[in-house]
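Before anything else, here's the structure in question.
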Amino acid sequence: MRERDVVVIGAGQAGLSAAYHLRRAGLEPERDFVVLDHAPRPGGAWQFRWPSLTYGKVHGMHALPGRELTGADTGRPSSEVIGGYFARYEEEFGLRVHRPVEVTAVREGPAGRLLVESSEGTYATRALISATGTWDRPFWPRYPGQERFRGRQLHTAGYPGPEPFAGLRVIVVGGGASGTQHLMEIAEVAAETIWVTRREPVWREGPFDEAAGRAAVALVEERVRRGLPPRSVVSVTGLPLTDAVRSARERGVLDRLPMFDRLTPTGVAWDDGRTVDADVILWATGFRPAVAHLAPLRLREPGGGIRLAGTRVVRDERIHLVGYGPSASTVGANRAGRAAVREVVRLLAAPGTRQREPLTA
């Protein structure tokens, strides 16, 4: 068993922000804290984004603390641009991320420690910063007849870009930014596209300023304070009306239909008798927080979420969630990493807290 003062799980935006601020607070990588990441290489969830999502199409990528991302080619895939940026960041600040390491569970341990069980062994830690994000938990809604549909079904997490949909009839489900991006790309090559959403899309005119951002984050934060499952920040900001979006609306690409009631072997159907045939259904239905590793600690509230005070889990002051709920955006992740470390440092220095013995190996 290896002992550390802090274990950080995840090396995306939030995890690297936390690791950076741990170093600034005087904690040393390997000796005092360790960062575990299950991805094969640097880049967080960005490394898995589809090739056609170029850096110029990314909505609101915020730089990591201490190092700006400058001079990036807007025509390159975001996975390459941001993956390379994260790799240079880890090296510059000596963050020494362990990867690929799969964390399977976090349990109560001896002497007030948490035991972090992973594919490279067990860590005993005084504090935990969980920055696992949502990419590993795509949300697939369930509808009657789903298993009988003879075409292809896939989720945003497996979206390969528009080329494989050439000449096909495609239904895109979901009213978020990913859904609209997929739809506009696929419409260029598909035989037919249909857009289906549960709610009428809300379009946002003009710049998204700081006040609007704070208001959106506050709405998500209130749910987290009440112990409810968080909604994404994007879900309360509306969809930006870019020039590309305006053009797609004028061409009818973004004409939306209400959510269908069931799937058929050849497509989808509504209870009013309407049917649409399709070859592919693309579920752009978002993601849920990846927190299954925390299940042994029983942190969920009756409402289904994990209640937070800032980034701290109300049921256990040793645990902080960053990149969860209100800190799921890139700018929110940076702030959450700093806030979590501030509280972790106070916890480690608190009178009466049992100090970790020096490591012998």
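The values are calculated or read from the model by the stated rules, or taken from the named source; none is laboratory data. A quick note: this is a predicted structure, and the numbers were derived from the prediction, not measured. Methodologically, a virtual Cβ is constructed for each residue, glycine included, from the backbone with ideal geometry; neighbour enumeration extends over all protein chains shown.
Which residue out of 111, 87, 63 is out of contact with any Lys or Arg (no Cβ under 9 Å at 6 or more places or on another chain) and either under 30 Å from residue 26 (Cα atoms) or outside the structural domain of residue 196 (by TED's automatic domain parsing) (or both)?
On inspection, the qualifying residue turns out to be 63.
Within the stretch 211-233, can you find the residues that are at pLDDT below 70 and either exposed (fewer than 14 other Cβ atoms within 10 Å of the Cβ) or assigned by TED's automatic domain parsing to the domain that holds residue 323 (or both)?
Once the filter is applied, which keeps residues that are at pLDDT below 70 and either exposed (fewer than 14 other Cβ atoms within 10 Å of the Cβ) or assigned by TED's automatic domain parsing to the domain that holds residue 323 (or both), the stretch 211-233 yields 211, 214, 215.
If you scan the stretch 25-70, which residues turn out to be in a helix (DSSP H, G or I) and in contact (Cβ under 8 Å) with a residue 60 or more places away in the chain?
Residues satisfying the conditions are 44, 45, 48, 57.
Where in the stretch 249-341 are there strands (runs of 3 or more DSSP E), lying fully within it, with 2 or more residues that are surrounded by fewer than 19 Cβ atoms within 10 Å (Cβ to Cβ) and in contact (Cβ under 8 Å) with a residue 40 or more places away in the chain?
256-258, 262-264, 275-277
Out of (1) on the phi > 0 side of the Ramachandran plot; (2) surrounded by 15 or more Cβ atoms within 10 Å (Cβ to Cβ); (3) in contact with a Ser or Thr (Cβ under 9 Å, 6 or more places away or on another chain), what's the single condition that is false for residue 78?
Failed condition: (1).
I need a count of the residues in the stretch 126-176 that are in a helix (DSSP H, G or I), surrounded by 17 or more Cβ atoms within 10 Å (Cβ to Cβ) and among the small types (Gly, Ala, Ser).
The qualifying residues number 1.
Among all residue pairs at least 6 apart or on different chains, which show Cβ distances below 7 Å where the first residue, located in the stretch 71-82, is part of a loop (DSSP other than H, G, I, E, B) and the second is at pLDDT below 90 and of a type in the set (Val, Ile, Thr)?
Taking only residues 6 or more apart or on different chains, the pairs are 74/54; 75/54; 76/54.
Quick check: is even one residue across the stretch 58-70 in contact with a Pro (Cβ under 6 Å, 6 or more places away or on another chain) and either farther than 29 Å from residue 155 by Cα or modelled with pLDDT under 95 (or both)?
no
Can you tell me which residue is surrounded by the most Cβ atoms within 10 Å (Cβ to Cβ) among those in the stretch 177-208 that are touching a Phe, Trp or Tyr at 6+ places or on another chain (Cβ under 8 Å) and more than 14 Å from residue 284 (Cβ to Cβ)?
190
Looking at 126, 150 in this structure, which one is in the same structural domain as residue 256 (by TED's automatic domain parsing) and at pLDDT 95 or above?
150
If only one of 297, 308 is of a type in the set (A, V, I, L, M) and in contact with a helix residue (DSSP H, G or I) (Cβ under 6 Å, 6 or more places away or on another chain), which one is it?
Sole residue among the options that is of a type in the set (A, V, I, L, M) and in contact with a helix residue (DSSP H, G or I) (Cβ under 6 Å, 6 or more places away or on another chain): 308.
Filter the stretch 83-107 down to residues that are of a type in the set (Lys, Arg) and either outside any loop (DSSP other than H, G, I, E, B) or surrounded by 20 or more Cβ atoms within 10 Å (Cβ to Cβ) (or both), then give me how many there are.
So the count comes out to 2.
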